[in-house]
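Below: the structure, in structure tokens.
The values are calculated or read from the model by the stated rules, or taken from the named source; none is laboratory data. Values in this document were obtained by computation on a predicted structure and should not be read as measured data. As a convention, Cβ positions derive from the backbone with ideal geometry for all residues, glycine included, and neighbour counts pool all protein chains shown. When the accessible area is computed, the model is the full protein with side chains, heavy atoms only, and any ligands, DNA or RNA have been set aside. Shrake-Rupley method; radii C 1.70, N 1.55, O 1.52, S 1.80 Å.
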Number of protein chains: 2
Amino acid sequence: MNTATTQTSPSILDTSRIVLAHGGGGQLTDQLISQVILPRLGNPTLNELDDAAILNDQIALTIDSYVVDPWQFPGGDIGRLAVCGTVNDLAVSGAKPLGIALSLILTEGFAKRDLQTILDSIGLAAKQANVQIVTGDTKVIPGNGIFITTAGVGLRDPQCKISSMHIKPGDKIIINRPIAEHGLTVMLAREMPDMMSVLKTDASPLNGLIENLLNKVQGVHFLRDATRSGIAGVTTDIATNTGYHVMLNEPDIPVDPHVQHAADMLGLDVLEVANEGVVVAVVDPAHTDHAVKIMRQHTYGKQSCIIGEIQNIRDGICEITTVIGGRRVVHKPYGEQLPRIC
Amino acid sequence: MNTATTQTSPSILDTSRIVLAHGGGGQLTDQLISQVILPRLGNPTLNELDDAAILNDQIALTIDSYVVDPWQFPGGDIGRLAVCGTVNDLAVSGAKPLGIALSLILTEGFAKRDLQTILDSIGLAAKQANVQIVTGDTKVIPGNGIFITTAGVGLRDPQCKISSMHIKPGDKIIINRPIAEHGLTVMLAREMPDMMSVLKTDASPLNGLIENLLNKVQGVHFLRDATRSGIAGVTTDIATNTGYHVMLNEPDIPVDPHVQHAADMLGLDVLEVANEGVVVAVVDPAHTDHAVKIMRQHTYGKQSCIIGEIQNIRDGICEITTVIGGRRVVHKPYGEQLPRIC
């Protein structure tokens, strides 16, 4: 008697149920937010859908859960990711991190040694970001793995005007380093754990770099960290939210050859791969050179460069000029290429 | 050939692994915090182990994950719990809630209809607490159920001095309502889902009641919500942290007869059962009557009463006078009576 059973995931076509892609930060996540969450919980602050909410004009609050699988990968782990992600969400909102709250959901049987490794990693990342873990919670459930939620509170100068509303035609798009390394590192660690690879996560706290930029450079209109959905997610959001045409130039986008090779091998578009140490800055053209110079002075910005611009065409579309001179439209990823990347 | 396998939980004696009780809020949680977490992440703010951290003397930050199973139970669900828990943690720190961050970890196949129910419940509880959900995140993992993490930020008057440091001998211990209803409701819903019962969770946002108390009554020295580990957890913590003797009077502690009946049936001590709408206030004896009067004016405080006092004996022990006139020592629960109650 054949008693084999196959475990099936719910079909993406069964719209009555949650699928993995609802958590991928792409179009399906947007749908869940706009159709299910906002109609019930919406208010002017939440509706902004920014990386951090700004309360009383100066207190920034952000939250993110981390469910990355495997929890450890070259160059980092879920703990480093959780701290960097929350610090970066505060930083791109123009806020200076004041403290981080850490909630651990552990599973029965999880090795204390592994928890210690993760906590050490949290401690190191927090030190690098010059912020402290100030409060926390611990729960335990049956199952496998570890899930971490970090919330951060920060202070923002009430005069600070970092918002997609301030983006205007002519603005240049700058990034601080080569892209797609985090996502491909995790994918390789999960799908091909025995493969030797030089890739390692880019997860870094960018608050220092961003503080320098905001303190020293005028005309920084918008900042966003390119996490789930990658550069494509941020630039298509800019096009959609501003209504302007966003033009990227592929030859200008730095990609490490090993990363490009891994992406080609896996059939992935580097633009859509998640990062945890990449910030996208939209800057007034008069201040772009200065911005790049200041960013390059920082450890996490040595390869800063301009990758595109905002054009005065009101079509809300993002396009990219390819290396062979053609053009293609950049779409926001539907779900994510591989789930649980952060 | 016998191919049956049994899934075993890690033994509580295997100290190298996490067990469910590490998440129970009892002695094992305390051990995990003091032996594993604080040595790695400790700092003066985190070391306070208060319900909320106070930053810059006035910004309160708190976080809690909710993993209650089942996610729905008479009188509420995981969404109501998450909002009330976070609002109450801010309130007992003397802070007025400013905004809540909501992070959902959903599982593949979770019904959208159930998610809608939970979001409606979050919306209702937030409305009752007069606070908004201002930012959020959504992740999806394989598995069953839903896990919610809420973080809250609030503002506290820099003059506010609510802390166990201010507790002194003679102070009275007041609670706002009968105890143990939440924990027993969840236990019955999980262990005996077909049983008819009149029990329902007490989960309530207590910020309104606490604001009234702090605004109108002098001499409120300490506040704590009696969640995991119940009244026993709070009163033993008071004894340990202050070094004074805490004396409770069992006949004064309100317990609904149905709750007592359920506890007897399950062999549980109502003092150790979790609540989500019970606040413990320690108040100067000169202001106790006024405090009880003010608390009784609020919907969630109609049965407020004194249940014990702080005595000038420096032994750090909590005792209770029983209904038959004897005395017994109250211990902090080791783990929890049944896991995943919040």
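Numbers below:
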| quantity | calculated |
| --- | --- |
| Conditions (1) crowded, with 23+ Cβ neighbours inside 10 Å; (2) within 13 Å of another protein chain (Cβ to nearest Cβ): number failed by B:Asp77 | (2) |
| Residue identified as of a type in the set (A, V, I, L, M) and modelled with pLDDT under 95 among A:Ala291, A:Ala281, A:Ala286, A:Ala262 | A:Ala262 |
| A:Thr62, sole failed condition from (1) of a type in the set (S, T, N, Q); (2) surrounded by fewer than 24 Cβ atoms within 10 Å (Cβ to Cβ); (3) at the interface with chain B (Cβ under 9 Å from one of its Cβ atoms) | (2) |
| In the stretch B:100-125, residue farthest from B:Val83 (Cα to Cα) [restricted to those that are surrounded by 24 or more Cβ atoms within 10 Å (Cβ to Cβ) and at the interface with chain A (Cβ under 9 Å from one of its Cβ atoms)] | B:Leu106 |
| Positions within the stretch A:160-206 being among the polar types (S, T, N, Q) and surrounded by fewer than 24 Cβ atoms within 10 Å (Cβ to Cβ), in sequence order | A:Ser163, A:Ser164, A:Ser197 |
| So A:Asp256, is it open to solvent by 10 Å² or more (accessible area, probe 1.4 Å) and within 20 Å of the chain's Cα centre (by Cα) | yes |
| Single match in B:Glu319, B:Glu336 (criterion: of a type in the set (Asp, Glu), open to solvent by 20 Å² or more (accessible area, probe 1.4 Å) and within 14 Å of chain A (Cβ to nearest Cβ)) | B:Glu336 |
| Conditions (1) within 12 Å of chain A (Cβ to nearest Cβ); (2) of a type outside the set (S, T, N, Q); (3) in contact with a Lys or Arg (Cβ under 6 Å, 6 or more places away or on another chain); (4) open to solvent by 10 Å² or more (accessible area, probe 1.4 Å): number failed by B:Val67 | (4) |
| Index of the failed condition, B:Glu336 passing every other in (1) in a helix (DSSP H, G or I); (2) touching a residue at least 40 places away in the same chain (Cβ under 8 Å) | (1) |
| Matching entry among B:Thr201, B:Thr138, B:Thr150 (being part of a loop (DSSP other than H, G, I, E, B) and at pLDDT 95 or above) | B:Thr201 |
| Close pairs (9 angstrom Cβ cut-off, 6 or more residues apart or separate chains): outside the structural domain of A:Tyr66 (by TED's automatic domain parsing) in the stretch A:118-143, in a loop (DSSP other than H, G, I, E, B) and surrounded by fewer than 24 Cβ atoms within 10 Å (Cβ to Cβ) anywhere | none |
| Long-range neighbours under 9 Å by Cβ, at least six apart or interchain, first residue at the interface with chain B (Cβ under 9 Å from one of its Cβ atoms) within the stretch A:21-38, second among the aromatic types (Phe, Trp, Tyr) | A:Ala21/A:Tyr334; A:Gly24/A:Tyr334 |
